[in-house]
Amino acid sequence: MVSENVEEYLECIWGLTQKGSPAKTKEIAERMKVSPASVTEMMQKLADMGYVNYEKYKGVTLTERGTEIGAKIKRKHRLLERFLVDVLGLKNEESHEEACRLEHTLSDESEKRICHMMNNPETCPDGDPIPKCKDDCSLCMSEPSVPLTDVVKGDKAVITHLVCDDTVKMRRIISMGIVPGRTLCVEDRLPMGGPIVLMIQDCKIALAKDYAAMVHVSPTGRCDRR
Amino acid sequence: MKDEVLVALLGHPNVGKSVVFSKLTGVSALSSNYPGTTVEFQEGRVVHEGVKIDIFDLPGTYGLTGVSEDEKVATKLLAEKNPDCVVVIADATRLEPSLVLTFQVLELGYPTILVLNQMDVARKRSTIDVNRLSEVLGIPVVPTVAITGEGLDEVVELISKAGGRRSDFSVAYDSHIEDILRSLSDLLPDWAINHPKRGALLKLLEGNEFFLEKFSEGLKAKVEAEKNRFEAHHKEAIEVHMNRDRYGEAGRIISEVISPIPRKMSRRERISELSLRPWPGIPILALVLLGVFSMVVFVGAYIETVFVSVYQDATGGFFDWMALSIGGDLGAALSAGLDLTMMSIVAIVIPYILLFYLVLAALEDTGYLPRVVILLDSVMQKFGLNGRSVIPMIVGSGCNVPAILATRVLGSRRERLILSSVIILAVPCGAQTVVILGLVGSYGSIYHVAAIYAILLALIVITAWMMHRLMKFEPIGLMIEVPDLTVPRLDNVLSKTYHRVKDFFIIAFPILLVSSIALELLMQYDVLDAMVDPFSPITVGLLGLPAVTIIALIFGVMRKEMSLQLLVVLFGTADFALAMTVDQMFVFSLVMATYVPCVSAFSVMFKEFGLKDSSKVIVGSIFISFMLGGLANFVLGLF
């Protein structure tokens with residue numbers, strides 16, 4: 001478990017290193033509203049924990065693990081801002097404060113749900129007053145959807161959308177409960193182009209390839225073993 | 001309180017709705033562990049403490065969108081009958097989709113009761129807070145176990161005392177959808193439709209045909225425009241979005257009222273899982289199919305022998321007496337016709353068809369059939385059919401009549417026609433099997449029998465493939481719910497078999513009787529004998545058979561199974577080895593197996609596909625069967 005403070009630092013460094021050069025201790029201190037000395041101390045700690053590469057006078061870059069956490073927190077922050085403004089109707093300034101607090105406690109699952117619920121990136125309305133809307137959307141897009149046919153056996157995924165020109169087929173898919181937002185598990189893929197066997201909640205459904213290709217999903221790891 | 005209540009039963013396929021209906025009303029409804037058994041609706045009545053409750057059972061449906069056939073029937077009947085109460089039957093082990101259906105019923109303003117069926121299984125898997133669910137939905141919720149009758153008294157009690165409850169529960173849709181609903185609602189100040197405005201407008205947005213009729217062209221155009229705008233904005237069709245919201249709501253309720261009990265998979269579930277895997281699923285499948293086949297063929301043959309001797313002992317002399325008392329050729333024809341019809345029931349219907357239906361009913365109730373469909377889907381796809389075609393083909397090995405009716409499970413007419421042709425041409429029905437086994441089986445060798453079945457199998461593959469190529473349409477893929485395996489219940493298996501055999505009698509018996517008597521008359525007046533010589537180029541020339549076999553072949557159009565008995569009469573001996581060589585028997589069996597089906601099968605084809613297409617199939621099958629017979633005769637002549 002990473003402490004909120006560590007997360008906050010990593011988020012900040014992630015933002016500063018986006019321009020392509022290492023982050024300076026001074027910049028970090030300004031952003032975090034702390035003294036440069038405590039930043040230096042913190043950087044040593046983070047380096048020991050394996051989140052940053054820190055060389056005195058050259059600055060700070062994130063390790064792979066550090067980047068992962070920093071980017072995730074930033075994504076949650078921006079996503080929450082949009083959620084608070086778009087859906088709950090908070091003011092911009094308020095949303096920033098609130099998002100700063102919530103970003104550390106928001107679970108990955110909820111983050112994903114909010115992301116799907118707001119149907120990113122397309123729902124970014126033109127002329128949206130929220131800054132960096134495009135950024136947010138692309139962050140949300142970091143897990144692109146794939147057709148269900150590409151999901152391997154034993155993986156679970158959230159249905160993102162249906163790609164289908166034929167209304168009759170689309171309605172058949174919906175009527176079986178294959179609806180965006182629901183989580184499914186690919187239990188089996190029958191050989192020779194056979195159907196894909198899915199588990200959605202407690203329903204087991206076999207779906208031919210042509211239907212499966214219409215269902216787009218975003219993979220979320222391995223299925224829970226029963 | 002009214003003393004007459006009209007109640008509709010609604011639910012997904014395969015939730016045990018038919019069982020609830022039978023238990024409530026005492027009227028038997030067909031139920032299977034296979035989706036789509038209730039095609040039309042059934043009615044029954046129960047009287048409870050002076051209140052007459054009329055119950056009608058709607059076909060199993062996944063929703064009330066009114067798109068697929070079952071949904072159309074369900075929405076239409078609901079609107080026409082306008083029941084006082086809708087009882088939604090849910091499968092407690094998979095509650096979410098049933099909740100979505102319930103939402104739709106509530107939106108349409110029906111007083112509703114939710115029944116959680118199969119609670120016995122559900123209790124082992126999770127704890128369901130029934131009271132909380134009832135509170136959230138605002139309607140009575142009753143847990144039941146329909147097969148044992150648990151909870152059904154309470155359902156009846158509720159219906160007769162309180163009725164269902166209307167609930168103002170409603171799904172909170174996306175704010176855009178809510179905006180559309182509000183703006184449409186403002187356009188319609190005068191409301192004359194027998195449903196809440198919101199519910200009817202939702203149906204309108206979903207494109208339900210039945211509701212579309214109720215609104216003006218102007219409003220429909222406006223709705224269309226709103227839908228397009230929604231889709232452009234959200235990059236998602238409004239129906240998809242509405243269902244996204246419904247399932248979201250259902251998921252939320254589920255997480256509130258259901259807590260799963262941690263447990264290991266039961267043995268039954270493990271077997272359910274394994275039977276679906278290619279390994280060991282496919283070997284199991286082969287064993288099951290082989291088991292069904294040998295059960296019908298070998299056990300059937302044994303029962304036939306016993307029954308026929310009993311029948312002959314019991315009726316001995318009666319038909320002679322009947323012929324004499326009516327007198328003349330007419331008397332002989334009538335009595336022989338009746339005798340042969342009765343005989344075929346004793347020799348074919350009871351041993352083979354009854355047995356076959358028993359096995360089929362048991363197999364259906366285990367929930368194994370969807371697994372057959374899924375495992376064979378990829379192979380069937382190669383021939384332009386999908387896995388669902390396997391069921392009619394299995395049924396066809398009993399009798400072609402129900403098999404052609406069973407093709408209804410396939411989506412398109414095209415697939416149905418391909419499959420029906422394949423069944424008629426190449427799937428040997430019980431009667432055809434009797435001919436094959438009675439001739440080459442008894443007088444030839446196992447290799448002869450195997451050769452005939454190999455040819456038939458090849459014929460299935462080639463015909464399906466050719467028709468698939470010739471008829472260019474896109475085949476519809478497979479989408480099927482997979483139930484858990486269960487142990488079939490004897491009473492359900494028996495009542496189902498009874499209904500099917502009854503149907504068979506109603507369709508086939510009159511045709512059998514009339515055609516038997518007609519043929520007997522033709523025989524008595526020597527009309528058939530006159531055909532022997534003109535047809536000899538085909539029988540003798542092409543097929544290398546004795547000329548008299550033409551009579552058996554013509555007879556075969558009416559009733560295949562009797563052609564063997566007829567051969568006995570024609571040859572004047574029951575030992576076919578004296579009259580035909582094994583090669584001739586092989587050719588005769590092959591022709592019989594591929595030759596036109598009986599009159600009953602033709603009449604069903606005609607009913608389902610019209611004169612033009614069914615004639616093509618019939619003429620085609622006669623042609624192919626003679627060509628095959630000729631070819632076999634030629635090849636056998638080479639050795």
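The values are calculated or read from the model by the stated rules, or taken from the named source; none is laboratory data. Because the structure is a prediction, the values reported are computed rather than measured. Positions of Cβ are generated from backbone atoms using ideal geometry, with glycine treated the same way; all protein chains shown enter the neighbour counts.
I'd like the full set of residues that are of a type outside the set (A, V, I, L, M, F, W, C) and touching a helix residue (DSSP H, G or I) at 6+ places or on another chain (Cβ under 7 Å), limited to the range B:215-232. I'd like the intermediate steps shown before the answer.
Just the residues of the range B:215-232 that are of a type outside the set (A, V, I, L, M, F, W, C), to begin with: B:216-218, B:220, B:222, B:224, B:226-229, B:231.
Those that are of a type outside the set (A, V, I, L, M, F, W, C) and touching a helix residue (DSSP H, G or I) at 6+ places or on another chain (Cβ under 7 Å): B:K220, B:E226, B:K227, B:E231.
Checking B:Y173 against (1) in a helix (DSSP H, G or I); (2) surrounded by 16 or more Cβ atoms within 10 Å (Cβ to Cβ); (3) not acidic (D, E), which test does it fail?
(1)
Six or more apart or on different chains, Cβ atoms under 7 Å: show the pairs whose first residue is in the range A:60-76 and in contact (Cβ under 8 Å) with a residue 60 or more places away in the chain and whose second is among the β-branched types (V, I, T) and surrounded by fewer than 18 Cβ atoms within 10 Å (Cβ to Cβ).
A:I69/A:V2
Among the residues of the range B:242-270, what is the count of those that are touching a residue at least 24 places away in the same chain (Cβ under 8 Å), touching a helix residue (DSSP H, G or I) at 6+ places or on another chain (Cβ under 9 Å) and loosely packed, with under 15 Cβ neighbours inside 10 Å?
Result for the range B:242-270: 5.
Could you tell me whether the range B:207-221 includes any residue that is over 26 Å from B:E80 (Cβ atoms), outside the structural domain of B:S255 (by TED's automatic domain parsing) and in a helix (DSSP H, G or I)?
No, there is no match, as no residue in the range B:207-221 is over 26 Å from B:E80 (Cβ atoms), outside the structural domain of B:S255 (by TED's automatic domain parsing) and in a helix (DSSP H, G or I).
Could you list all residues from the range A:61-91 that are assigned to a loop (DSSP other than H, G, I, E, B) and among the charged types (D, E, K, R)?
A:K91
Evaluate the range B:434-454: report whether one residue or more is within 14 Å of another protein chain (Cβ to nearest Cβ) and assigned to a helix (DSSP H, G or I). Give the derivation first.
If we filter the range B:434-454 for residues that are within 14 Å of another protein chain (Cβ to nearest Cβ), which is where we start, we get none.
No; the residues of the range B:434-454 include none that is within 14 Å of another protein chain (Cβ to nearest Cβ) and assigned to a helix (DSSP H, G or I).
Scan B:E231, B:E273, B:E239 and give me the residue that is free of Cβ contacts under 8 Å to residues at least 12 places away in the same chain, facing another protein chain (nearest Cβ under 9 Å) and either of a type outside the set (K, R) or touching a strand residue (DSSP E or B) at 6+ places or on another chain (Cβ under 6 Å) (or both). If you could, list the steps in order and put the result at the bottom.
Details: B:E231 fails: facing another protein chain (nearest Cβ under 9 Å); B:E239 fails: free of Cβ contacts under 8 Å to residues at least 12 places away in the same chain.
From the options B:E231, B:E273, B:E239, the qualifying one is B:E273.
Answer yes or no as to whether B:I53 is surrounded by fewer than 23 Cβ atoms within 10 Å (Cβ to Cβ) and in contact with a helix residue (DSSP H, G or I) (Cβ under 8 Å, 6 or more places away or on another chain). Break it down into steps so the answer makes sense when it comes.
Values: surrounded by fewer than 23 Cβ atoms within 10 Å (Cβ to Cβ): yes; in contact with a helix residue (DSSP H, G or I) (Cβ under 8 Å, 6 or more places away or on another chain): yes.
It is true that B:I53 is surrounded by fewer than 23 Cβ atoms within 10 Å (Cβ to Cβ) and in contact with a helix residue (DSSP H, G or I) (Cβ under 8 Å, 6 or more places away or on another chain).
Every residue in the range A:199-219 that is in a strand (DSSP E or B) and touching a residue at least 24 places away in the same chain (Cβ under 8 Å), please. Before you say what the answer is, go through the steps one by one.
Pass one, the range A:199-219, residues in a strand (DSSP E or B): A:199-200, A:203-207, A:215-219.
Scanning the range A:199-219 gives A:M199, A:C203, A:I205, A:L207, A:V215, A:H216, A:V217, A:S218, A:P219.
Go over the candidates B:L611, B:L553, B:L513 one by one and state the one that is within 29 Å of the chain's Cα centre (by Cα), part of a helix (DSSP H, G or I) and farther than 19 Å from B:I345 by Cα. Can you show your working first?
Details: B:L553 fails: within 29 Å of the chain's Cα centre (by Cα); B:L513 fails: farther than 19 Å from B:I345 by Cα.
Answer to the selection: B:L611.
Here is a check on your reading of the model: is B:Y173 within 12 Å of chain A (Cβ to nearest Cβ) and among the aromatic types (F, W, Y)? Full working, then the answer.
Working: within 12 Å of chain A (Cβ to nearest Cβ): no; among the aromatic types (F, W, Y): yes.
Answer is no for this residue.
Every residue in the range A:26-52 that is in a helix (DSSP H, G or I), touching a strand residue (DSSP E or B) at 6+ places or on another chain (Cβ under 6 Å) and buried (at least 18 other Cβ atoms within 10 Å of the Cβ), please. Spell out the reasoning first.
Narrowing the range A:26-52 to residues in a helix (DSSP H, G or I): A:26-32, A:36-49.
If we keep only those that are touching a strand residue (DSSP E or B) at 6+ places or on another chain (Cβ under 6 Å) as well, we get A:43, A:46-47.
Passing the criteria: A:M43, A:L46.
Hand me the list of helices (runs of 4 or more DSSP H) wholly inside the range B:306-415 holding 1 or more residues that are in contact with a Lys or Arg (Cβ under 8 Å, 6 or more places away or on another chain) and within 14 Å of chain A (Cβ to nearest Cβ).
Numbers: elements: B:318-326, B:328-344, B:355-366, B:369-381, B:390-396, B:400-406.
Once the helices (runs of 4 or more DSSP H) in the range B:306-415 are filtered for at least 1 residues that are in contact with a Lys or Arg (Cβ under 8 Å, 6 or more places away or on another chain) and within 14 Å of chain A (Cβ to nearest Cβ), what remains is B:369-381.
Can you pull out the residues in the range B:277-312 that are farther than 20 Å from B:C429 by Cα and either hydroxyl-bearing (S, T, Y) or touching a strand residue (DSSP E or B) at 6+ places or on another chain (Cβ under 6 Å) (or both)?
B:S309, B:Y311
Which of (1) among the β-branched types (V, I, T); (2) closer than 30 Å to B:S126 by Cα; (3) free of Cβ contacts under 8 Å to residues at least 40 places away in the same chain is the odd one out, the single condition B:T305 does not satisfy?
It fails just one condition, (2).
Taking the criterion of being within 7 Å of chain B (Cβ to nearest Cβ) and part of a strand (DSSP E or B), would at least one residue in the range A:163-183 satisfy it?
no
Scan the range B:244-259 and give yes if some residue there is farther than 22 Å from A:C203 by Cα, under 37 Å from the mean Cα position of the chain (by Cα), more than 12 Å from chain A (Cβ to nearest Cβ) and outside any loop (DSSP other than H, G, I, E, B), otherwise no. Give the derivation first.
Start the filter on the range B:244-259 by keeping residues that are farther than 22 Å from A:C203 by Cα, which leaves none.
No, every residue in the range B:244-259 fails to be farther than 22 Å from A:C203 by Cα, under 37 Å from the mean Cα position of the chain (by Cα), more than 12 Å from chain A (Cβ to nearest Cβ) and outside any loop (DSSP other than H, G, I, E, B).
In the range A:184-198, which residues are over 20 Å from B:L95 (Cα atoms), in a strand (DSSP E or B) and within 7 Å of another protein chain (Cβ to nearest Cβ)?
A:D188
Please tell me if B:A146 is buried (at least 19 other Cβ atoms within 10 Å of the Cβ), farther than 22 Å from B:R246 by Cβ, more than 14 Å from chain A (Cβ to nearest Cβ) and modelled with pLDDT under 90.
Details: buried (at least 19 other Cβ atoms within 10 Å of the Cβ): yes; farther than 22 Å from B:R246 by Cβ: yes; more than 14 Å from chain A (Cβ to nearest Cβ): yes; modelled with pLDDT under 90: yes.
The answer is yes for B:A146.
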